Every structure is written in structure tokens, then in C-alpha cells.
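In what follows, a single structure is set out as C-alpha cells and then discussed.
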Amino acid sequence: MKKKIAILGSTGSIGKDLVDIISKDKKNFEVVLLTTNQNTKTLLKQAKYLKAKNIIVTDKKEYLLIKNKIKKVNIFNNFNQLDKIFKSKVDYIMSAISGIDGLEPTFRSIKYTKKIAIANKESIICAWNILSKELKKNKTKFIPVDSEHFSIWSVLKNIHNKNIDQIFITASGGPFYKLPLSKFSQIKVKDAIKHPNWNMGKKISVDSATMMNKVFEVIEAKNIFNLSFNKLKILIHRDSYLHAIVKFDFGLSHLVVHDTSMKIPIFNTLYEDKKFNGNLKNINLKKLSYLNLEKPNLKKFPLIKILKKIPNKFSLFETLIVSVNDTLVDLFLDKKIQFKSISKIFFSTINDKDFLKYKSIIPNNIDEIIKLKNIVKKKIKSRYI
């Protein structure tokens, strides 16, 4: 029997990798849904090749342009009509829409699937208390997609969280790890989006350059694995070959190693028990012999220091952090602020007396998270544009 699947954000890098994996095993899958915001050209090619039954195009203009041109596929403009798309629970949904825009689709889709793989960081960072209840309520299995969290999850599948002594999440250090701090004022957009090891989108590449992506990954790990922040540390590993180290209180430590290909965690979230059908390189023993693990330089990457200010108890403060950073990265990409200004404006905004109250407010629904995001975006743009 074919597995029924859906891909939210099929035209992004994660979505494209999953489409490529499925393409090699088409006979075993029925694609119920593919979605995009604006990239309809790629979406329609995917839908035709995979014989998708439904597509969602969330950009109104793009939706109207193709609505009457599509005949063999049902087309929708939002995620409000999932009842019409999913007649029963599908086997697998990949949530790969980037940013807070992916939060509501992720939440809405949980009840329609037996298993959900979540690549959307913001869902886990900002709304984990809401999502985890929805997962439990609908008996939906969850698997993290991020290479670090998938690595940790794969180690912990049969081990109780209480046995964790420490988890080390590795970081490449991005393109500026060896750049002298005195030259940070000269950093241009084109420099910040050139990651040394990974092929990623502009936004996440900038987050890697500031190392805010590792802040996000620590928060994700804290939420997913129900840990306190003092059990989570960041280490620099320039080759991006080692993804995580899990140290247990019974004396053993697990090091998880794989190539810098997101297809490996994506494939394993889909199959779990099947041999990887891509090109696997042999383990690079030379790299393992010289891991050269280092602590990050907090003078170069001051955003890491925000981890000391986040309460262990879940709150809207996480949404504040994500929203401030996302707005500042957008301003940098639009060349409105300098690279060095990201961290300066970030901390001045986070410490604003109007925002400190969110440390003690727990989000009750998705609307509260989106509302705060919009407040933050408006306030920052009014000050710096």
C-alpha cells in the first residue's frame, strides 16, 4: 500500500530535498499535498511529476494568476480548508515552511497525520507548549529534521532523558569565525550569505554568520528533549562533520557524525528503518582524528549571550527573540543596517522595558505569538527605517 504524504513548503531547500528522495521511490508514495508561497513554477513541476492531488499557494497574486489554469489538481490559497484535502490521516507530513509563517500550518496539520517531521524552527521555539499538547491529543509522532536535533533524537530513542548529563551542539562558526573583529564593520550581505559548508537560504545563512542559529538550536533542544539550559552547550567544529555529542550520566558519550547533506536526516524521518538511497561517503577518519572542538568567541558572536537571559520556563520571550532577530536580518539583507548593528540593536530591543514583561507570559494560542511578532516588527522598523 502506498504511503500518503504531504510537504508544506515543497519549493524550499528542505522540500526540494524531500521531493528528490521521493522521486527515487515514486511507486511507494501518494502525494496528497504540496505547498508554496510564491514559487508556483517549481510547485507546478513538482505537482505534475509526483501527481499531487492538491496544492496550496499562499501568495494571493500568484494564486489568482494560476487558479484557472490548473485542471487536474485542486488548488487552495490558505490552510483553512485542510478538511477538504485530508479525508483521513495521512502517513507523513513534512513541515518545511520557513519563519513564523510556518507556525500555523504546522499546528493545523498535526491532526491530519500519523507522523510529522518539523523543520520549521519557529514552531518548536515559539509554540512548543501548544504543539506538544496537539501532538499528544492526536497521537501524532514527531521527528525533528534539523541535523543536530535529528542526531540527538536518533541517540535518545531508547534512552530516558533523565540519564542525559550534557548535550553539545556543534557549529561551523560560519563565514566569519576567523575574521578579525576589527573587520566586522566591513561585512557585506554577499559575504554573510556565503556559508563555508552548507548550501542554505539567505536568512539562515545570516543567522549562521551571527551564530543566532545556534541560539535557536539550543532553545529547540531544550524544548524537544525537556532539558534545562545548563545541560546544553555550543562547541565550534569547523568541518560540520560532527553534529552533536550526547554525554550520559552512566559514563558513555555518543558522537553523531554524518556528511553535510540534509538529505540524510530528511530521508530518515521518512523511512526510519530503510537503507539510505543517496550517495554516502565513507567516514572521514582524518576529520574524526582532528575534531578541533572550541568554545565560541563571545566577543565576535555576542548573540549567544542571550541564552543566559532566557528563563527555563517556557514563555513569549522566545517569540520576542525570534521576532527581533528576524526583523533585523531582513533589514540587513535590505542593506538598511550594518552586520555589526544586528547584535547591538537586538540587545537594546530585548532589554526594552515594554518587552521584558514577556518573560513571564506563556502563549495560549498561535494568535498571541503572531500578534507579538507584528508588534516587534513595527516597533523596530519605526526606529531604524
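Return a yes/no flag: does segment 25-40 have any residue that is assigned to a helix (DSSP H, G or I), at pLDDT 95 or above and surrounded by 12 or more Cβ atoms within 10 Å (Cβ to Cβ). Within segment 25-40, one or more residues are assigned to a helix (DSSP H, G or I), at pLDDT 95 or above and surrounded by 12 or more Cβ atoms within 10 Å (Cβ to Cβ). Residue count for segment 264-277, restricted to those that are surrounded by fewer than 18 Cβ atoms within 10 Å (Cβ to Cβ) and either touching a Ser or Thr at 6+ places or on another chain (Cβ under 9 Å) or modelled with pLDDT of 90 or more (or both): 1. Filtering Ile125, Ile193 for residues that are crowded, with 16+ Cβ neighbours inside 10 Å, under 30 Å from Ile362 (Cβ atoms) and in contact with a helix residue (DSSP H, G or I) (Cβ under 9 Å, 6 or more places away or on another chain) leaves a single hit, Ile125.
From the list Ser172, Ser185, Ser205, pick out the single residue that is more than 22 Å from the chain's Cα centre (by Cα) and either surrounded by 14 or more Cβ atoms within 10 Å (Cβ to Cβ) or at pLDDT below 95 (or both).
Step by step, each of Ser172, Ser185, Ser205 is checked, and only Ser185 is more than 22 Å from the chain's Cα centre (by Cα) and either surrounded by 14 or more Cβ atoms within 10 Å (Cβ to Cβ) or at pLDDT below 95 (or both).
A quick yes/no check of all residues on (1) outside the structural domain of Asp191 (by TED's automatic domain parsing); (2) small (Gly, Ala, Ser):
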{"residue": "Lys299", "(1), (2)": "no, no"}
{"residue": "Pro302", "(1), (2)": "no, no"}
{"residue": "Val322", "(1), (2)": "yes, no"}
{"residue": "Ser348", "(1), (2)": "yes, yes"}
{"residue": "Leu356", "(1), (2)": "yes, no"}
{"residue": "Lys371", "(1), (2)": "yes, no"}
{"residue": "Lys377", "(1), (2)": "yes, no"}
{"residue": "Ser382", "(1), (2)": "yes, yes"}
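Restricting to segment 1-16, give me the number of residues that are modelled with pLDDT under 95, surrounded by fewer than 21 Cβ atoms within 10 Å (Cβ to Cβ) and closer than 25 Å to Glu62 by Cα. Final tally of qualifying residues: 1. Just wondering, is there one or more residues in segment 172-181 that are of a type outside the set (Phe, Trp, Tyr), touching a strand residue (DSSP E or B) at 6+ places or on another chain (Cβ under 7 Å), on the phi > 0 side of the Ramachandran plot and outside any helix (DSSP H, G or I)? Within segment 172-181 (the criterion being of a type outside the set (Phe, Trp, Tyr), touching a strand residue (DSSP E or B) at 6+ places or on another chain (Cβ under 7 Å), on the phi > 0 side of the Ramachandran plot and outside any helix (DSSP H, G or I)), the answer is yes, since at least one residue qualifies.
Condition check for Ile337 on (1) at pLDDT below 95; (2) of a type in the set (A, V, I, L, M, F, W, C); (3) part of a loop (DSSP other than H, G, I, E, B): one failure, at (1).
For (1) modelled with pLDDT of 90 or more; (2) not in a loop (DSSP other than H, G, I, E, B), each residue gets a yes or a no:
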position: Trp153; (1), (2): yes, yes
position: Lys162; (1), (2): no, yes
position: Lys190; (1), (2): yes, yes
position: Pro196; (1), (2): no, no
position: Met200; (1), (2): no, no
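Residues of segment 132-151 being basic (Lys, Arg), part of a helix (DSSP H, G or I) and either under 11 Å from Ser95 (Cα atoms) or in contact with a helix residue (DSSP H, G or I) (Cβ under 9 Å, 6 or more places away or on another chain) (or both), which ones? Break it down stepwise before answering.
In the first step, residues of segment 132-151 are kept if they are basic (Lys, Arg); the result is 133, 136-137, 139, 141.
With part of a helix (DSSP H, G or I) added as a condition, the list becomes 133, 136-137.
Lys137, the sole residue that qualifies.
When the residues of segment 319-360 are filtered to those that are touching an Asp or Glu at 6+ places or on another chain (Cβ under 9 Å) and touching a residue at least 60 places away in the same chain (Cβ under 8 Å), the one that is surrounded by the fewest Cβ atoms within 10 Å (Cβ to Cβ) is Phe339. A count restricted to segment 26-54 and to residues that are β-branched (Val, Ile, Thr) and farther than 15 Å from Gly12 by Cβ stands at 2.
The values are calculated or read from the model by the stated rules, or taken from the named source; none is laboratory data. Not measured: the values here are computed from a predicted model. Cβ: placed from backbone, ideal geometry, glycine included. Neighbour counts: every protein chain shown.
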